[in-house]
Every structure is written in structure tokens, then in C-alpha cells.
Amino acid sequence: MQIEKRRLITLHHCPGLSLKTLHHLLWKDPTLDLLFTMKPSDIVSYFTITPNQANSIYHYIHNNNVTQLLSIYKEHGIQSLTFWDDDYPALLKEIYDPPLVLYLKGNLQLLKTRMLGIVGARLMSAYGSHSLNILIPPLLKEDFTIVSGLAKGVDICAHRLAMERGGNTIAVLGSGFFHIYPKEHQSYAEKIASQHLLLSEFPPYTSPTRWNFPQRNRIISGLSEGVIIIEAKEKSGSLITADQAMEQGREVFAVPGSILSETSKGTNTLIQQGAKLVSSHLDILEELSSTERVK
């Protein structure tokens, strides 16, 4: 059975529909043939969801024109991939909760390259900046694409350094393309979209919310062979990404720091918990060379 892409994207735009519920609907109706022909009462009984959910789904799919939306997206250079498309990134398929739809702007061929995630503190120190300058250039020479989240601090510096040194980078958003966050990185987002790749699982009109970013982080790690943490406080989004990477079976690398620095407490704790201590790019290459993913 082949899922109808337009139906899936329509459902993906339905307000309030969680990824978990979307997976449930597809498990019950893999082609979505039934869902798009049923009345709300039948949707409730067949799919065992609440009447409110059924009404929301029914009214959205019967009162919205996804063809018009896709036309608008195309005008803005936005493409879409579903989990079943050939170009969907192979490593991302491995995680337990992969996005069913991805929206992309830029060079989709980067999804076929070897990728490394780099995340860290928004308030990056000179030490963090120096660490990026030591690690990223030699990793680019090994043809790794740098994946990060366009956030302030380590993320945006990793993207910028990759571009300046002639490498490739992918920015994974916690919002839709029409609501770049943070706003001051709009110009970077446009440059990445034109020369590299901008990616989001959120439909383009989605505004940023605090809940979007932990969800976004699993994609950064899911795309990557490993994730490098450069400066992180004890409780931070970077550590969430590290936890998700561990759950996904990815390699986790951490740059050690001073015991006097708040932004080194997180990375030092990761090392105590088993993350690979990184003092040069060779530590990363050595670890990845022993994994089954290296061809």
C-alpha cells in the first residue's frame, strides 16, 4: 500500500495533532483512504481518538486546500519529503520517533553526506569559539557536513565557520521557515537556504514555541553520526540533544572545560557519564572509524 503524499501533508498541517497521534492514525489506516472519507463519529470509533480530535481532523481536511499551500511553498523554494520518499535521510529513519514530513530549502544532496551535529551554549566564551576553530576545519576536510540549530552562540558560529571554510552545513529549525528564530539570524537562514540546507519538521507557518526546540534537537542528533557538545550549563538544551543522541545510539563527544566555568559543568558531567572527551578532531575520527556506519 502506498500512502498518498498530499493527504499526509494535509494531516500534518492539522492544528494540535501530535506526532504520536499521527503515527497512530497511520498505523490504523496506512493509506489514509478511510480517514479522508469518514464522518467524525466513525473516526472516533475506528481510530479510538477523542471526539474533539476527530472533529478537528475532519473539519481541517475538508475545509483547507493543501494544494494552494504547496503552491505557496514552491514559490518560496520550499520542498517536502515524507518518511517514505527515497531522499529521506537514512540515519533519521533509524530513530524511534522520526518526523513523518520534513520541509526543506536548499541542497537536498547534503542529506546523503556524512553529518556531525555541533551544539552548545548560547553565551559562548572565547574558549568555546577557539574550540570550534580547532575542530571544524579538519572535520570539513574529511567531508563532514556540520548540523546545528541556528541558535545564538555555538550553533550559529558552527554554521558560519563551516560556510567560511568552504564546507557544508545544515540548520535544523524549531519553527517554520516563515518564522525564523531568532529573528536576528534571518540573513544567516537565507544564506544557508541558498547555498546549503535549511530543514524543519514544522510546517512553514509554524511560530516558535519553547516545546518545539527539544523536539527539534532529536533531528540534529538523528541526522548525525555523532554530536559534539561545546560548552553547556548543567541544565540546557545541549544536554537534551546529548541525551537524545545517546538514546538513538549516536556517538556523543564533549569538549572539557574549566571547573570554574558554569558553561563547562554540563560538558564535564557528560564526560563523567561516558561521553568521549575531545581534545582534537582526531578523537572524533578515531571513535567514528570504529562504528559500523563508516563505509
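Taken together, the values in this text are just the output of simple stated rules run on the coordinates, not laboratory data. Please read all numbers here as calculations on a predicted model, not as lab measurements. Every residue, glycine among them, receives a Cβ derived from its backbone with ideal geometry; neighbour counts consider all protein chains shown.
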Determine the alpha carbon to alpha carbon distance for each of Lys235/Lys276; Lys5/Lys235; Lys105/Lys265; Lys5/Lys105 and list only those over 30 Å. Lys5/Lys235; Lys105/Lys265
So which trypsin sites (Lys or Arg not before Pro) in the stretch 3-48 pass both tests, a DSSP loop state and at most 15 other Cβ atoms within 10 Å of the Cβ? none
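If we count every other residue with Cβ under 15 angstrom of Leu32's Cβ, Lys/Arg +1 and Asp/Glu -1, where does the sum land?
Overall, the nearby charge balance is 0.
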Would you please put 29-37, 63-71, 152-160 in order of how densely packed they are, using the mean number of other Cβ atoms within 10 angstrom per residue and starting with the highest? 152-160, 29-37, 63-71
Which trypsin sites (Lys or Arg not before Pro) in the stretch 187-229 pass both tests, a DSSP loop state and at most 14 other beta-carbon atoms within 10 Å? Arg210
Subtract the Cα-Cα distance of Thr67 and Glu184 from 0.36 nm times their separation in residues, and report this length gain in nm to one decimal. 39.0 nm
Just to confirm my numbers, what's the Cα centroid distance between the stretch 94-134 and the stretch 16-36 in Å? 29
Neighbourhood charge, 14 Å Cβ-Cβ cut-off, centred on Glu4 and excluding it, Lys, Arg +1 and Asp, Glu -1: 0
Once the dipole of the chain is set up from charges on Cβ (+1 Lys and Arg, -1 Asp and Glu), the residue from the list Tyr58, Phe47, Gly174 lying farthest towards its positive end is Tyr58
Residue by residue through the stretch 41-58, which ³J(HN,Hα) values in whole Hz follow from phi under the Karplus form 6.51 cos²θ - 1.76 cosθ + 1.60 (θ = phi - 60°), with glycine and proline marked x? 5, 6, 4, 4, 6, 6, 9, 6, 10, 6, x, 4, 5, 4, 5, 4, 5, 4
In the stretch 64-153, which GluC sites (Glu not before Pro) fall in coil by DSSP and have 14 or fewer other Cβ atoms within 10 Å? Glu94, Glu142
The list (1) 6, 30, 39, 22, 3, 0; (2) 6, 28, 32, 20, 10, 3, 0; (3) 6, 26, 31, 23, 11, 3, 0 gives values of P(r) over Cα pairs in 10 Å bins from 0, in percent, and only one came from this structure; which label was calculated from it? (2)
